Amino acid sequence: MKIAVCIKRVPDTEVRFAIGTDRKSIDPTGLKFDLSDFDGYAIEVALRLKEQQGGGEVVALSLGPDGTQEILRKALSMGIDRAVHLQADAIPFDALSIARALVPELEGQGFELILFGRNATDTGNACVGPMTAELLGMPCVTAVSHLELSEARGIAQRELEGVTETVSFPLPAVLTIDEGIARPRLPSLKGIMAAKKKPIDVRPAQLGEIRLSVQTLELPPERAGGRIVGEGPEAVPELVRLLRDEAKVL
Amino acid sequence: MAFSGVDFYQLDTLLSEEERAVRDTVRAWVDDQLMPLIADCYIEGRFPKELIPGLAELGVLGANLPEEYGCAGLNNVAYGLIMQELERGDSGIRSFASVQGALVMYPIHAFGSDQQKTHWLPRLAAGKEIGCFGLTEPDYGSNPGGMITTAKETRDGWALNGTKMWITNGSQASVAVIWAKTGALDDVSSIRGFIVPTSSKGYSAKDQKGKLSLRASDTSEIHLDNVQLPRDALLPKSGGIKSPLSCLTQARYGIAWGAIGAAMACYEEAVGYAKTRVMFAKPIGATQIQQVRLAEMLTEITKAQCLTLQLGRLKDAKTMTPQQVSLAKRNNVTIACDIAREARRLLGANGILVEYHSMRHLANLESVYTYEGTHDMHSLILGEEITGLSAY
Amino acid sequence: MASTFAFAEARGGALRKVAFEAVSTARRAADASGGGEAHALLLGPPGISTLAEQLGRYGADRVSVVEHPALEHYSPEVFAATAAAQLRAGNYRAGFFSASAQGRDLAPRAAAALGVGLAADIIAFELDEPALIARHPAYIGKAIASLRLEGSPALVSLRPGALAAAEAPRAARVEHAPPALDPAAARVVVTKVVARGAAKLDLGEAPVIVSGGRGLKGAEHFRLVEELAAAFGNAAVGATRAVTDDGWRPATDQIGQTGRLVSPQLYVAVGISGAIQHLAGMRTAKVIVAINKDRDAPIMKLADYAIVGDLFEIVPRLTEAVKQARAEG
């Protein structure tokens, strides 16, 4: 089985987060980058399918600046067979332009599954996967939390608001993978050494027209939070009064 | 929150991509696998042996030995970073990996026959066999050459007699590398290494009870009561006290890195606490006394990082001397002890709880200060290096 | 003057709250442009057209109803093709979807099919011709991006709860239309939809969410959270990642960066310290209440109203007080 996994390099904003001087991007000072969380699950799903089937090829693709190769190398060290780096100065916010750049890399390559993470942790758009599927004319299931494949079909489950949806689809297909489906493995030390010898093809990304762009980036408005109503159960009547009369939510 | 390390001087830029990748993968492993367990293990006084398969699968055991024996074939900087990350979790788990890699796999690789290497190394790398290292004796710690454990040649092989003390992994090991004199007790050159399956008749190990340090580590006393070994139990290329001491240089190299890990853990905990703990209506981090504490910690960590990274580069260039390792071990463990103690104090009363890590590290580091050459012995080794005169 | 489009999401024979939010938003956008029409699209099994009148109440001038026996459940391909066809035919300035689970699946496909841009998961927007400017929480809620979306129709998916539905009643014209893709030709088929937990309000729908964290000390104490939620009458129960990781609550209850992103009118955090990843999922709530023993916990800084103290004493008292306040009307 031939599987593609499309992954994204995102800044790790857990430790450090500041808006850049251009007011439209984040301050790169001291910033570390990593694979977007959900993409790790997508890689794990691909690797497990390959292991279950005892063969095949898993290819990782990523679009972005030079540093993108580090996350591709990480994917290779987890066990991905080869990687494609679509070079771009920056990753556009416009998901459709990214999907358009991915299409020629995915079309006619014989991929039976094309996997994405459910969403990237930086933009949080959750769009590139289903858009790519639509452009490729392929069936697509998003936010897959459970997956079973038989001959030429798959059964996926999606955990939606309050319900679990079971979806049947034919292969080849595009899936976006939710977390929790299969804990991503850590790259082993041998895997890290082996990844040095695996190929990364580098090509310029053919980004389409950009219609969606970031105009400004700002910190969320400071909440006037931190109001301590009181201590202990004695404060409850005052809290209820405020919820009713001031906040008007009761 | 995940551990993010300390890198004030951008030393990351001096690491290769795979060195960083190795560090990050072990760091993540420690966060995922060790941190949730360590407090309970420490209180229960138990080594988390359920983690051994995971450690082996990751490739941590003997990671700087060649791939042909099932090892990862990493350079020594990457190996050092592994030790750093493991000890960021707990000195006990780093001790386990040090013993398996530097004190069991290393001597088999350095002094063993081809057959011994191909038999033992892949099994040890895979964690299928657990090793321990028997050198120290009840009355011979800093002076291992004085050992009184003997190996007498028999018709079929060897007979070992003696007692070994402070043996990490002693009770859980399936195989021990035991050092014994094959000649007269005053003949240091007759010291040889032996591979001893712990299932051998006459071999026994008992846990050292009552430890207040390294509680998540298995420490034992080993008795060898006329243990009969085949001829090929001998490590053929071992000879003299130099052989076990060279193993200790390997392990000590890892300790120099490990101590930085423990220090970083304590520093990070102290910084987090100082920024969030409010006393007298402001975070304690806004007080001068805590800022001085934190500045000292960061300074010492940064100095230790610089010297240890260079030590690693020297080791990879094969020009590292044992005295350079002594300096690093001596310095790094001392500063780690100091940082752990200051962090614990900064944490106030909370600092005595196992939920926080600094006091556990502090207690552990007292052992690390003492083992693999005490702090004082390394002072004397450096003194001898400086003056050319031995004071011990 | 421009017309707008809204996708009206239904499930199990009823419109979802997000349908009214989308229609209401389309209404406002049309009015703001100088008074165009707001059109809604509703797909479902035969009989679904009876819901169209409700969409009129929220400002739909026209409701296109696509009824088909095979549309009992969501059909990604049929829905996307039909939404795209309607958008193409209508010469709309903007099209609004919900960023619900279904909307997150549907809107990007419709955008790709049309070849237009999509501003996803939006909490506010305005038309600033020739562009649509939309506000989108990025970097797990640590920043708000103002996005500039060019071209028509500008597609937008709305974070559930972020833009409230408001009534703007009118008698909507109901027009029946066939699906743009024969459901028999759909490759992806939803074969089963199973509700988790009986008749509970979903986190994305509930105006009030009561969430519990590690401070509850054990799964059995979630009873306190459930009772408080029941007292509100319109509340759902959420949890932190620590709690779902420990198996005290199902993973689907998790609110946070890796769980559900919610914007209720009222969020009550019980025994939750406020790890950054949790705050990312609920910081857009209109009003936040925190009950925590630690005055310095991050949640206390975020909360509009906080009580410091033992939750085991405070929560039962609050439950009683809420019941009483509601009884008094």
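The table below lists the values:
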item: Strands (runs of 3 or more DSSP E) contained in the range B:186-279 and holding at least 3 residues of a type in the set (S, T, N, Q) and either modelled with pLDDT of 95 or more or touching a Ser or Thr at 6+ places or on another chain (Cβ under 8 Å) (or both); result: B:219-230
item: Test: residue in the range C:151-161 that is more than 10 Å from every other protein chain (Cβ to nearest Cβ), touching a residue at least 24 places away in the same chain (Cβ under 8 Å), within 24 Å of residue C:59 (Cα to Cα) and surrounded by fewer than 22 Cβ atoms within 10 Å (Cβ to Cβ); result: yes
item: Qualifying residue in the range C:72-83 (condition: without any contact (Cβ under 8 Å) to a residue 24 or more places away in the chain and either of a type in the set (A, V, I, L, M) or more than 7 Å from chain A (Cβ to nearest Cβ) (or both)); result: no
item: Per-region count, the range B:348-392, residues in a loop (DSSP other than H, G, I, E, B) and free of Cβ contacts under 8 Å to residues at least 12 places away in the same chain; result: 5
item: Residue match in the range A:93-105 (condition: over 13 Å from the mean Cα position of the chain (by Cα), aliphatic (A, V, I, L, M) and surrounded by fewer than 23 Cβ atoms within 10 Å (Cβ to Cβ)); result: yes
item: Tally of residues being buried (at least 20 other Cβ atoms within 10 Å of the Cβ), farther than 13 Å from residue B:235 by Cα and in contact with a Gly (Cβ under 9 Å, 6 or more places away or on another chain) across the range B:108-130; result: 3
item: Among residues of the range A:160-185, those that are part of a loop (DSSP other than H, G, I, E, B), touching a residue at least 24 places away in the same chain (Cβ under 8 Å) and over 17 Å from the mean Cα position of the chain (by Cα), counted; result: 2
item: Test for residue C:138: is it at the interface with chain A (Cβ under 10 Å from one of its Cβ atoms), modelled with pLDDT under 95 and more than 17 Å from residue C:99 (Cα to Cα); result: no
item: Cβ-Cβ under 9 Å pairs, at least 6 apart or on other chains, the range B:332-347 side surrounded by fewer than 24 Cβ atoms within 10 Å (Cβ to Cβ), far side basic (Lys, Arg) and at pLDDT below 95; result: B:347/B:277
item: Index of the failed condition, residue B:18 passing every other in (1) charged (D, E, K, R); (2) buried (at least 18 other Cβ atoms within 10 Å of the Cβ); (3) out of contact with any helix residue (DSSP H, G or I) (no Cβ under 6 Å at 6 or more places or on another chain); result: (3)
item: Whichever residue in the range A:50-68 is in contact with a helix residue (DSSP H, G or I) (Cβ under 7 Å, 6 or more places away or on another chain) and in a strand (DSSP E or B) and, among such residues, is farthest from residue A:102 (Cα to Cα); result: A:58
item: Residue match in the range C:250-265 (condition: in contact with an Asp or Glu (Cβ under 6 Å, 6 or more places away or on another chain), crowded, with 17+ Cβ neighbours inside 10 Å, within 24 Å of residue C:76 (Cα to Cα) and among the small types (Gly, Ala, Ser)); result: no
item: Among the candidates B:181, B:164, residue that is at pLDDT 95 or above, crowded, with 17+ Cβ neighbours inside 10 Å and out of contact with any helix residue (DSSP H, G or I) (no Cβ under 6 Å at 6 or more places or on another chain); result: B:164
item: Meets criteria (surrounded by fewer than 19 Cβ atoms within 10 Å (Cβ to Cβ) and either more than 13 Å from every other protein chain (Cβ to nearest Cβ) or at pLDDT 95 or above (or both)) for residue B:103; result: no
item: Unmet criterion (only one of (1) surrounded by fewer than 22 Cβ atoms within 10 Å (Cβ to Cβ); (2) within 29 Å of residue A:11 (Cβ to Cβ); (3) away from chain B (no Cβ under 14 Å); (4) of a type in the set (D, E, K, R)) for residue A:185; result: (3)
item: Condition met for residue A:144 (β-branched (Val, Ile, Thr) and more than 7 Å from every other protein chain (Cβ to nearest Cβ)); result: yes
item: Test result for residue B:363, surrounded by fewer than 20 Cβ atoms within 10 Å (Cβ to Cβ) and closer than 30 Å to residue B:47 by Cβ; result: yes
item: Selection count, the range B:221-279, where residues are touching a helix residue (DSSP H, G or I) at 6+ places or on another chain (Cβ under 8 Å), surrounded by fewer than 20 Cβ atoms within 10 Å (Cβ to Cβ), more than 26 Å from residue B:83 (Cβ to Cβ) and touching a residue at least 24 places away in the same chain (Cβ under 8 Å); result: 5
item: Residue in the range B:305-326 that is in contact (Cβ under 8 Å) with a residue 12 or more places away in the chain, part of a helix (DSSP H, G or I) and more than 21 Å from the chain's Cα centre (by Cα) present; result: no
item: Residue match in the range C:206-218 (condition: assigned to a strand (DSSP E or B), within 30 Å of residue C:72 (Cα to Cα) and in contact (Cβ under 8 Å) with a residue 40 or more places away in the chain); result: yes
item: Residues within the range C:107-135 that are in contact (Cβ under 8 Å) with a residue 24 or more places away in the chain and either among the polar types (S, T, N, Q) or more than 9 Å from every other protein chain (Cβ to nearest Cβ) (or both), tallied; result: 8
item: Search result, residues across the range C:278-304 that are surrounded by fewer than 24 Cβ atoms within 10 Å (Cβ to Cβ) and either without any contact (Cβ under 8 Å) to a residue 12 or more places away in the chain or not hydrophobic (A, V, I, L, M, F, W, C) (or both); result: C:283, C:284, C:286, C:293, C:294, C:295, C:296, C:298, C:301, C:304
item: Which numbered condition residue B:374 fails, given (1) at pLDDT 95 or above; (2) within 22 Å of the chain's Cα centre (by Cα); (3) not charged (D, E, K, R); result: (1)
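Results for (1) within 14 Å of chain B (Cβ to nearest Cβ); (2) touching a residue at least 24 places away in the same chain (Cβ under 8 Å), shown as yes or no for each residue.
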residue: A:7; (1), (2): no, yes
residue: A:14; (1), (2): yes, no
residue: A:19; (1), (2): no, yes
residue: A:30; (1), (2): yes, no
residue: A:35; (1), (2): yes, yes
residue: A:52; (1), (2): no, no
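The values are calculated or read from the model by the stated rules, or taken from the named source; none is laboratory data. Remember, it's a predicted structure, so these values are computed and weren't measured experimentally. Note that we place each Cβ from the backbone using ideal geometry, even for glycine, and neighbour counts take in every protein chain shown.
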